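Okay, so here's the structure we're looking at.
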Amino acid sequence: MKRFTALALAAILLAACSGSSSETEQSTAGPVTLKLLAHDSFTPTEGIFDAFTEATGVMVEIVRGGDAGELLTKAALTAGTPEGDVLWGVDNTLLSRAFDADMFDSYQSVNLSTMDPSLMRNIPGHEVTPVDFGDVCINYDIAWFTDNDISPPMTLDALINKTYANLLVVPSPISSSPGLAFFLATVAEFGEDGWQDYWTQLRANGVLVVDGWTQAYSTEFSGSSGKGDRPIVVSYSSSPAAEVLFADPPTEVAPTGVAPFTCFAQIEYAGILRGTKHKAEAQLLIDYLTDVAFQSDLPLTQFVFPVNSNAVIPESFSRYISRPENPLSIEHNVIAENRVAWLDEWSSIVFK
Amino acid sequence: MLVSPYPKTSHWLLVVPALFLAVFLALPFGVIVYRGASIDAFVDSITNSNLQRVAWFTFWQTVISTVLTVVFALPVTYIVSRFRFRGRNALLALITAPFLLPTVVVGTSLLALLPQQLHYTAISIIAAHVLFNVAVVVRVVMPSWAHISPELAYAAHTLGASTFRTFRTITFPLIRPALGFATTAVALFCFTSFGAVRILGGPAFSTLETEIYFRAVQLGDLDGAVAISLIQTLFLAIVLYAWMRWTRTSSTLAVVHSHAASPSRTSHWVAIIIVGFASATAVIAPLIAVAYRSATGWSQVWSRSTASSLFVSVRYAIISAIIATLIGTCIALAVAYSTTSTRVIELITSLPLMISAVTIGLGVLITFDTSPYAFRSAWWITPIAHSLIAIPLVVRIVLPLVQTIPQSLRDAAATLGSRPRVQWLTVDLPLMRRGIATALALSAAVSIGEFGATSFLTRQSNETLPVTIARLLSRPGESQHAQAYALATLFFVFSIGAVFIAEVTRNKRNITS
C-alpha cells in the first residue's frame, strides 16, 4: 500500500512537472440566456421575466455583484468583454465612470417616448436607458421627536445645530450610493469650497458614519426595524411608504418623515454591455425593463418611481410619498472630475 | 553540496513552475504596472492626506499588534517549551487553531465577542491580529526554547543570576533567531491584513491593503489603487530582502531534542495553570461568543446558497492544494538538486509574498479579459490565485526536507545498482512524503481562508465561505448575522479539531519512532 501511494504520487508529480493540460471550450447552443448583471438591491417580483421569456424565447439569469459601486467597477474593468449582457443599476452619481470606461452600447428603446424628457438630460448619446428615479433625503423618526418635544430638522443647515447633536447617522459616500448622493447634496448646497466646513461641523456635532445604507437605516436608525439610537438618517423619499407597507401590525400612519430641503435626485439607468454576443436580445430586454408591466412592479418591490409614464403607481405607494419640489443636483461631469479628490478630502475630514 | 544528485533533472524541473508563475503572477502584475503606474499617480498618492492617514494607521497598528502578540505569546511559549503536562496537546491545538482560521472568521468571532462600543475600532482590529498571530510565535519559537538545556539555567542560578537575568543572558540569545523570524512574519501578516480589517474596520479604519480594494472596487480609482499596491510591494520587498539576508546568517536547528520536563516545583504549576487557563480562555471566549450568537442561524445554514459556498470552498481547496503542492515541490526539488546559485529561485518564490493577494486578484481580473484568454470568469482562476499564495509555503516546507536527505543513502542505492529514477523513488520520495502531506494540508487551509484575491474574482454563482460570511455580515438583520456566526462556529470547531488530531498523531509517531 505504501509503495502504491508513493508511486501514485510520483506519477502525479512527473506528469505535472512535465506539464500538459488542456482546456476544452464549451460550445453555446440552444436557446439564448441573457445575463442581467445587477446590484444587491435589485429585487423584482419572482417570475417577472417569465412573460419576457414567453414572448421572445429568451431566458434571463440575474447575476448580482455587490453594491452599485462594486457592480459598476467590475463591469468597467471588463469593458468590451463583459461578464453579462445587460447591466441594471448605474445611477447619475456614478454615470461618468461608466462613460469613462466606454462600457455600454448605445440603444434607443421604443419606450423612450413614454418618459419625461428631463430624464434624458445626462445621456444625449443614449449610452444607457433610464429605468427608475427617486430622491435621497434625510429621514426622521416622528415618534422620537414628538416624545422629546423637539421639531425635526428640515434643512441641511439644521443638522449642525446643537439641538441635533449625536442624532444623525449616514452611510459612507465611499461605499454606499445613497451615502454618495447625500454627500453630493451637501456639495450642491454649500458649494465646492463650502462643504468642507459643513462636514467639519457635522463631525463636531457627532455624526455617525457607517459602511452602508442598510446598516444606517435598519440598525442604527430608531424609526425602523432595528430600533437603534439615532432618530435622523440618510435614506430615500420613499422610505416612509416602505415602512407603512411592511408594518406589522398594519398601520395607516407613516412612522417616519422626510426633510424636504435635503433631497438629492437620483436617476437609475440600465445599459447593454459592449461586447455582448446577444445584442438583439439585449435590446429586447431593455425594452421589457422599460415597459409597463415591469415598470409597474418597481414601486412596491424597490421603492422607486417608474420612468414609463404609463406605468401604474399603486395607491399604497403614492399616498405616503411626495417628491421634493427642487431636489439638489450636480452635473455628472462635475462629479466625474472631482469625485475621487472630494472623497479623499472627505475621509481626511471625517476620520481625522 | 557541490555535486547534484540528479544533474539531468534539476533544470527542467523549473520549466513548469516558471511558466506558471510567469503567466499567473508576473504577467498580471506587469499589466497592473503598465495600466496604472505613472509618476503623477505616485505623487498624488504620497501627498494625499487621506492615504497618509491610511499608511500611518497601517504602520502603527502593525507595531502595536506585533509587540502585543510577542508579549502574549512568550509566557505561553515558555510553558509549552519547558514542561510536559496533561492537556499540553489540547492547549497547543487551541492556540494554533486561530491561525488556521480565515481572518474573516477571526474578525467575525471578535465582532460576536466584543461589546458594541468596540466594533469598528482600532482596538478590535489589534485584538484580532493578536488572536490570529500568537500561534506563529509559539510554533516558531517553541523548538528553539525546548532545545535549551535546563542545566544552563541551573548553572546561571547557581552563580547567583536572577530569573530575569537568566532569561536575558541565556534564554533570549538562544531563541533570538527564531523569535526574530516569527516577529517578522507576524509584522508582515499585520501589515497586509485584509479580512479582519474588512470585517472590523468599518468605514473609518483601513490598511493599505483594504485601501487598494476600496480604491479599485468602490471608488473605481484604478491609478490610485495601483500606485498604493506598488508602494506597498516596494516596501514589502525591502522588508523581505532584509529578512532573507538575516535568516541566511542564522542557522536553523538540524536536530530538535526537547528538554521539556514534568513540572517539579509549585511555582511551575502556578505558571502553567495561570498561563494555560488565560490563553485557553482567550481562544475559547470568541468561540463561545460566536456559537452563542449563531443560535438562530443554524436552520438557514444548510440553505442552498450557503451549502453551495461550502461546496465551492472545498472544491477550490482541493484543486489549489494540488496545484500549489506540485508547483512548490518542483521548485523545492529544483533548488535542492541544483548546483548553481539559488538566489533567483528564492526571489521567485518570495514574489507572492511581496505582491499582495489583493493585487493578484486585481491583476488577474484585468489581465485575462480578452478572448481567447478570458480566464477571469472561468471558475478555475480562483483556485489558481489561491495556489499562488500557497506556493511559497510549500517550498519552505518541502525544501528543508529534501536538503537534509543524506547523500549517502542515494549513494548506497546507486552502489546497489539502482538507476537515478529508482533511486529517487525509493530514497527521496518516501522521505519527502510527510512534508508533502503537510504542504497539501496547509495550502488547502490557505485556500479555504483566502479572501483578498477572492474578493475580486468571486461571482454570485461561486462564492467561497469567507465571501459569504462577509456578505452576510454586511447586511442588516439578526438572521443574516446569525448565519454568518454559525458558519464561523463551524470553521472554528473544525479547525481546533484538525489541529488537535494532527498534534496527537504527531506525538504518537514521535513516541513510537
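The values are calculated or read from the model by the stated rules, or taken from the named source; none is laboratory data. Every value quoted in this text rests on a predicted model; they were computed, and no experiment measured them. Please note: Cβ atoms are built from the backbone with ideal geometry, for glycine as well, and neighbour counts cover all protein chains shown.
Looking only at the range B:391-445, count every residue that is exposed (fewer than 15 other Cβ atoms within 10 Å of the Cβ) and either outside any helix (DSSP H, G or I) or assigned by TED's automatic domain parsing to the domain that holds B:Pro98 (or both) and tell me the total.
5
Being out of contact with any helix residue (DSSP H, G or I) (no Cβ under 6 Å at 6 or more places or on another chain) and either outside any loop (DSSP other than H, G, I, E, B) or at pLDDT 80 or above (or both) is the filter here; which residues of the range A:73-88 pass it?
Residues of the range A:73-88 that are out of contact with any helix residue (DSSP H, G or I) (no Cβ under 6 Å at 6 or more places or on another chain), as a first pass: A:74-75, A:78, A:80-82, A:84, A:88.
Within the range A:73-88, A:Lys74, A:Ala75, A:Gly80, A:Pro82, A:Gly84, A:Trp88 qualify.
Is it the case, given these coordinates, that B:Ser144 is among the hydroxyl-bearing types (Ser, Thr, Tyr), in contact with a Pro (Cβ under 8 Å, 6 or more places away or on another chain), more than 14 Å from every other protein chain (Cβ to nearest Cβ) and touching a residue at least 12 places away in the same chain (Cβ under 8 Å)?
yes
Does at least one position in the range A:119-129 carry a residue that is crowded, with 24+ Cβ neighbours inside 10 Å and either among the aliphatic types (A, V, I, L, M) or not in a loop (DSSP other than H, G, I, E, B) (or both)?
Within the range A:119-129, one or more residues are crowded, with 24+ Cβ neighbours inside 10 Å and either among the aliphatic types (A, V, I, L, M) or not in a loop (DSSP other than H, G, I, E, B) (or both).
Given (1) of a type outside the set (Phe, Trp, Tyr); (2) crowded, with 19+ Cβ neighbours inside 10 Å; (3) farther than 16 Å from A:Ser238 by Cα, where does A:Ser309 come up short, assuming only one miss?
Result: A:Ser309 passes all but (2).
Name the residues in the range B:318-335 that are touching an Asp or Glu at 6+ places or on another chain (Cβ under 9 Å) and within 18 Å of B:Arg433 (Cβ to Cβ), would you? If you could, list the steps in order and put the result at the bottom.
Step one: of the range B:318-335, the residues touching an Asp or Glu at 6+ places or on another chain (Cβ under 9 Å) are B:320, B:333, B:335.
The answer is B:Leu333, and nothing else.
Within the range B:196-222, take every residue that is within 11 Å of another protein chain (Cβ to nearest Cβ) and part of a loop (DSSP other than H, G, I, E, B) and give me the one that is surrounded by the most Cβ atoms within 10 Å (Cβ to Cβ).
B:Ser206
Scan the range A:252-273 and give yes if some residue there is without any contact (Cβ under 8 Å) to a residue 12 or more places away in the chain and not assigned by TED's automatic domain parsing to the domain that holds A:Met120, otherwise no.
Of the range A:252-273, the ones without any contact (Cβ under 8 Å) to a residue 12 or more places away in the chain are A:252-253.
Restricting the remaining residues to those that are not assigned by TED's automatic domain parsing to the domain that holds A:Met120 gives A:252-253.
Yes, because at least one residue in the range A:252-273 is without any contact (Cβ under 8 Å) to a residue 12 or more places away in the chain and not assigned by TED's automatic domain parsing to the domain that holds A:Met120.
Every residue in the range A:97-106 that is more than 10 Å from chain B (Cβ to nearest Cβ) and either touching a strand residue (DSSP E or B) at 6+ places or on another chain (Cβ under 9 Å) or part of a helix (DSSP H, G or I) (or both), please.
A:Phe99, A:Met103, A:Phe104, A:Asp105, A:Ser106
Name the pairs: first residue in the range B:423-440 and polar (S, T, N, Q), second residue assigned to a helix (DSSP H, G or I), Cβ to Cβ under 8 Å, at least 6 apart or on different chains?
Final answer for the pair search is B:Gln423/B:Arg410; B:Gln423/B:Ala413; B:Gln423/B:Ala414; B:Thr426/B:Ala413; B:Thr438/B:Ile397.
Mind checking whether some residue in the range A:138-161 is in a loop (DSSP other than H, G, I, E, B), within 14 Å of chain B (Cβ to nearest Cβ) and within 27 Å of A:Trp342 (Cβ to Cβ)?
no
Does any residue of the range A:49-57 turn out to be facing chain B (nearest Cβ under 10 Å) and in contact with a strand residue (DSSP E or B) (Cβ under 7 Å, 6 or more places away or on another chain)?
Scanning the range A:49-57, I find no residue that is facing chain B (nearest Cβ under 10 Å) and in contact with a strand residue (DSSP E or B) (Cβ under 7 Å, 6 or more places away or on another chain), so the answer is no.
Residue pairs, Cβ under 7 Å, 6 or more apart or interchain, first in the range B:479-491 and among the β-branched types (Val, Ile, Thr), second surrounded by fewer than 22 Cβ atoms within 10 Å (Cβ to Cβ) and in a helix (DSSP H, G or I). List them.
What qualifies is B:Thr489/B:Ala291.
When you go through B:Leu401, B:Leu429 one by one, which is the residue that is within 10 Å of chain A (Cβ to nearest Cβ), of a type outside the set (Val, Ile, Thr) and in contact with a helix residue (DSSP H, G or I) (Cβ under 8 Å, 6 or more places away or on another chain)?
One residue alone meets the criteria, B:Leu429.
Taking the criterion of being outside the structural domain of B:Glu450 (by TED's automatic domain parsing), under 16 Å from the mean Cα position of the chain (by Cα) and of a type in the set (Val, Ile, Thr), would at least one residue in the range B:161-176 satisfy it? Lay out the reasoning, then the answer.
Taking the range B:161-176 first, the residues outside the structural domain of B:Glu450 (by TED's automatic domain parsing) are B:161-176.
Now drop any that are not under 16 Å from the mean Cα position of the chain (by Cα), which leaves none.
No; the residues of the range B:161-176 include none that is outside the structural domain of B:Glu450 (by TED's automatic domain parsing), under 16 Å from the mean Cα position of the chain (by Cα) and of a type in the set (Val, Ile, Thr).
Of (1) closer than 22 Å to A:Met120 by Cβ; (2) within 14 Å of chain B (Cβ to nearest Cβ), A:Asp344 satisfies all except one. Which?
A:Asp344 satisfies every listed condition except (1).
Might you check whether a residue that is modelled with pLDDT of 80 or more, within 19 Å of B:Tyr213 (Cα to Cα) and either over 23 Å from the mean Cα position of the chain (by Cα) or part of a helix (DSSP H, G or I) (or both) occurs anywhere in the range B:11-26?
Within the range B:11-26, one or more residues are modelled with pLDDT of 80 or more, within 19 Å of B:Tyr213 (Cα to Cα) and either over 23 Å from the mean Cα position of the chain (by Cα) or part of a helix (DSSP H, G or I) (or both).
Can you tell me how many residues within the range A:14-53 are at pLDDT 50 or above and among the hydroxyl-bearing types (Ser, Thr, Tyr)?
5
Go through B:Ser193, B:Ser264, B:Ser299 for me and flag whichever is surrounded by fewer than 19 Cβ atoms within 10 Å (Cβ to Cβ), away from chain A (no Cβ under 14 Å) and not in a helix (DSSP H, G or I).
Details: B:Ser193 fails: surrounded by fewer than 19 Cβ atoms within 10 Å (Cβ to Cβ); B:Ser299 fails: not in a helix (DSSP H, G or I).
The unique qualifying residue is B:Ser264.
Name the pairs: first residue in the range B:305-318 and under 16 Å from B:Phe494 (Cα atoms), second residue surrounded by 16 or more Cβ atoms within 10 Å (Cβ to Cβ), Cβ to Cβ under 6 Å, at least 6 apart or on different chains?
B:Ser313/B:Ile448; B:Ser313/B:Thr464; B:Ser313/B:Leu465; B:Ala317/B:Ala444; B:Ala317/B:Ser447; B:Ala317/B:Ile448
Within the range A:259-285, track down each residue that is under 15 Å from A:Trp88 (Cβ atoms) and hydroxyl-bearing (Ser, Thr, Tyr).
A:Tyr269, A:Thr276
Here are some residues: B:Phe164, B:Phe181, B:Phe132, B:Phe172. Which one is assigned to a helix (DSSP H, G or I), in contact with a Pro (Cβ under 9 Å, 6 or more places away or on another chain) and of a type in the set (Phe, Trp, Tyr)?
Result: B:Phe132 is the single residue among B:Phe164, B:Phe181, B:Phe132, B:Phe172 that is assigned to a helix (DSSP H, G or I), in contact with a Pro (Cβ under 9 Å, 6 or more places away or on another chain) and of a type in the set (Phe, Trp, Tyr).
Just one of (1) under 21 Å from A:Thr43 (Cα atoms); (2) assigned to a helix (DSSP H, G or I); (3) touching a Leu at 6+ places or on another chain (Cβ under 9 Å) trips up A:Ala311, so point out which.
So A:Ala311 meets the others, but not (2).
From the list B:Arg459, B:Arg475, exactly one residue is within 30 Å of A:Lys227 (Cα to Cα) and either at pLDDT below 80 or in contact with a Pro (Cβ under 9 Å, 6 or more places away or on another chain) (or both). Which is it? Please lay out each step first, then the result.
Details: B:Arg459 fails: within 30 Å of A:Lys227 (Cα to Cα).
The unique qualifying residue is B:Arg475.
Tell me which of these B:Leu362 doesn't satisfy, since it passes every other one: (1) modelled with pLDDT under 85; (2) more than 23 Å from B:Leu236 (Cβ to Cβ); (3) in contact with a helix residue (DSSP H, G or I) (Cβ under 8 Å, 6 or more places away or on another chain).
It fails just one condition, (2).
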